[in-house]
1. Among the candidates GLU29, GLU62, single out the residue that is at negative phi and surrounded by fewer than 13 Cβ atoms within 10 Å (Cβ to Cβ).
2. If the Cβ limit is 8 Å and pairs must be 6+ apart or interchain, which residue in the range 94-122 that is farther than 24 Å from ARG52 by Cβ pairs with which residue that is open to solvent by 60 Å² or more (accessible area, probe 1.4 Å) and part of a helix (DSSP H, G or I)?
3. Can you name the condition, by its number, that ASP114 falls short on among (1) closer than 23 Å to ASN9 by Cβ; (2) among the charged types (D, E, K, R); (3) open to solvent by 50 Å² or more (accessible area, probe 1.4 Å)?
4. Can you confirm whether GLU143 is of a type in the set (Asp, Glu) and outside any loop (DSSP other than H, G, I, E, B)?
5. Going by the conditions given, is GLU161 under 26 Å from THR21 (Cβ atoms) and touching a strand residue (DSSP E or B) at 6+ places or on another chain (Cβ under 7 Å)?
6. Identify all residues within the range 52-96 that are closer than 18 Å to PRO32 by Cα, in contact with a helix residue (DSSP H, G or I) (Cβ under 7 Å, 6 or more places away or on another chain) and either among the polar types (S, T, N, Q) or not in a helix (DSSP H, G or I) (or both); write none if there are none.
7. What residue, among those in the range 40-55 that are touching a residue at least 40 places away in the same chain (Cβ under 8 Å) and crowded, with 23+ Cβ neighbours inside 10 Å, is farthest from THR95 (Cα to Cα)?
8. If I go through the range 86-110 residue by residue, how many of them are farther than 20 Å from GLY137 by Cα and open to solvent by 70 Å² or more (accessible area, probe 1.4 Å)?
Amino acid sequence: MRESITPTNLARASLAHFLETGKHLPVPEHLPPELTGQAGSFVSLKKDKELRGCIGTIFPTEESTAKEIIENAVRAGTEDPRFMPVDLSEMDELTLTVDILGEPESVTSETELDPALYGVIVKKGARTGLLLPRLEGINSVREQITIARQKAGIPNSEDIELYRFTVTRYE
């Protein structure tokens, strides 16, 4: 990677490298500060403005945010069960978004949520659903929570724990 290292070009290089070689991209040297710490991240792939893959981690699982993005980019392109794996020939048609997550914080009321500012996590026992903030077509807290519940398989009749988090989005 000769160009400057940004979260999105790291994700793109990671997925392309994996599709070309079957191996994960090594973490580059001389990382910018936003990639050296530890944070959960989501990598979203779109083709013709339609979702093509999205996978991430709520909490860090790797030694750096850079490594987290490298792993999540590969998983978004090859393991999202909603889509066929990305083919190398599609790379030029993909737009990538990387969200680096802030620490989730518990909330006691839906009034503490705002889909334009915060992502939401719903939790019931071992079931967890997450929805990122600022998603097209999601304009209310109720919509955000309903979709997160659906992702987790938590019926509306069940009580849930609610968490919010901020993201730094790179497009």
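1. Values: GLU62 fails: surrounded by fewer than 13 Cβ atoms within 10 Å (Cβ to Cβ).
From the options GLU29, GLU62, the qualifying one is GLU29.
2. If the second residue must be open to solvent by 60 Å² or more (accessible area, probe 1.4 Å) and part of a helix (DSSP H, G or I), the pairs left are GLU110/ARG142.
3. (1)
4. Numbers: of a type in the set (Asp, Glu): yes; outside any loop (DSSP other than H, G, I, E, B): yes.
Taking the combined requirement at face value, the residue satisfies it.
5. Working: under 26 Å from THR21 (Cβ atoms): no; touching a strand residue (DSSP E or B) at 6+ places or on another chain (Cβ under 7 Å): yes.
For GLU161, the condition - under 26 Å from THR21 (Cβ atoms) and touching a strand residue (DSSP E or B) at 6+ places or on another chain (Cβ under 7 Å) - is not met.
6. PRO60, GLU62, SER64, THR65
7. Checking each candidate, the answer is GLY40.
8. Applying the first criterion (farther than 20 Å from GLY137 by Cα) to the range 86-110 yields 86-94, 100-109.
Filter once more, keeping what is open to solvent by 70 Å² or more (accessible area, probe 1.4 Å): 87-89, 92-93, 103, 105-106, 108.
Matching residues across the range 86-110 total 9.
The values are calculated or read from the model by the stated rules, or taken from the named source; none is laboratory data. Only a predicted model underlies this, so the values are computations on that prediction, with no experimental measurement involved. Note that each Cβ is placed from the backbone with ideal geometry, even for glycine, and that neighbours are counted across all protein chains shown. The protein model used for the area step is the full one, side chains on, heavy atoms only, and it has no ligands, DNA or RNA in it. Shrake-Rupley method; radii C 1.70, N 1.55, O 1.52, S 1.80 Å.
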